[in-house]
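The values are calculated or read from the model by the stated rules, or taken from the named source; none is laboratory data. A quick note: this is a predicted structure, and the numbers were derived from the prediction, not measured. Cβ sites come from the backbone with ideal geometry, for glycine too, and all protein chains shown count toward neighbours.
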Amino acid sequence: MAVCRLCHEVLPVKNRRTIFTPTFGVSSQLTEVLGYTPRDDDGLSKYVCGFCFCKLNKLSKIEFDLKHKVQTLNVEKSSLLKSLRDTYLSSNAAIKSPRRQQFVTSESAPRTPKLLDSGKRITYHSPTPRKCKKPLLFTPKKTTERTILPKRTVTEENKSADPQPKRVNVKLFSPSKVKVMYMSANKIKSRVIPRGDFQRIVKSVSQHSSKDRIGRLIYKSSLKDSVNKCVYNEVNKECMNLCSRKDISMLRNCSSENLATFSASTLNVEIQKRAPLLHGILQHVVKGSDLGTVVTGAIALKFRNKHLSAFHHVVAQILDHGGATDETIDTLGKMGLCVSSSAASKHKQQLLERKAENIESLMLREKLELEKTVHISDILQNYICA
Ligand SMILES: [Zn+2]
């Protein structure tokens, strides 16, 4: 009766495997187990049982997997190493932030997909059906994900909780994919960034490109409209601040004191301080001219709020003083370049009164000064006469 060379169980004919046939295939594993090379004529059993054969087979498959995984990992390692070195060399500011390590963006080993795709492994060696199924299960998911992703922004992806938690499978990198891995509630999550704008943005962030370059990429992407909207909102907020009645702008202050001492450079400083974005935009419009910034700003803000009219009052006074007719002033007023003639004449009166007061106080002071000197000279004269 035949027995198994390994476990020495008695073997029925059906359940045995002959060791010395070309189809046996696991001779080297058997040799490793036995500690010697079995030979046809060594007088021992020529068979192993089905169980032992299975286990030997598994051993062979593990060896195969080990070899290939090490190879795959090595390729991945060297490609990652190369990309990190490139990054390090191309950017001096690269190594500062340890948080960067959370983004593992990879265009991985070129050999990985080949190994996965080749039928060789599945047909002859791959032992565990699960391992073959994994990529098959993953691929369809990826396509549904792509239709969802473009709606989100990159930052959202990094921060928001993943609605459908998925196993992270680092092995499945392929050259055209960009994957972002991040921590969320103590779990590592990963996302495939769809090809196109977002992929370029994530790549340039991970390569530590300059902020200007990243900004340009974002602006050129489909996010452009959203970025513009942010800018409009910001300008609107700044203008609301300038028009506020709490902390009044010098454009709103139409007292004769302010009109008489109105200065473009002070207004320039005010706009720069309270509405930096608006100031920047205006400066670019007028190619850096300070006066241009002030004039366009004042005119624009008057269109927004009719009470911001100090600049327009000044213009109306200049026109009036230069001999412009009321009709001219009113026409220019309708164009938003100055106030109406009636408002101008009202303020003219106030300005004249202010001027008169100033002159009066000046004269009074002069008179007092004069009286003082006269007084002293009188004393002196008296002194001399006496
Ligand atoms: Zn056995």
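Couple of notes before you dig in:
- Some residue of region 231-243 being in a loop (DSSP other than H, G, I, E, B) and without any contact (Cβ under 8 Å) to a residue 60 or more places away in the chain: no
Residue-wise test of (1) within 60 Å of the chain's Cα centre (by Cα); (2) away from the ligand (no atom under 11 Å from the Cβ).
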| site | (1), (2) |
| --- | --- |
| PRO22 | no, yes |
| GLN29 | yes, yes |
| TYR36 | no, yes |
| CYS54 | yes, no |
| SER60 | yes, yes |
| GLU63 | yes, yes |
| LYS67 | yes, yes |
| ASP86 | yes, yes |
| SER91 | yes, yes |
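- Verdict on GLU76 being at pLDDT 90 or above, more than 30 Å from ILE19 (Cβ to Cβ) and among the charged types (D, E, K, R): yes
- Apart from one condition, HIS8 fits all of (1) more than 16 Å from the ligand (Cβ to nearest atom); (2) farther than 30 Å from LYS177 by Cα; the exception is (1).
- Residue-level check: of (1) touching a His at 6+ places or on another chain (Cβ under 8 Å); (2) under 20 Å from ASN236 (Cβ atoms), ALA300 misses just (1).
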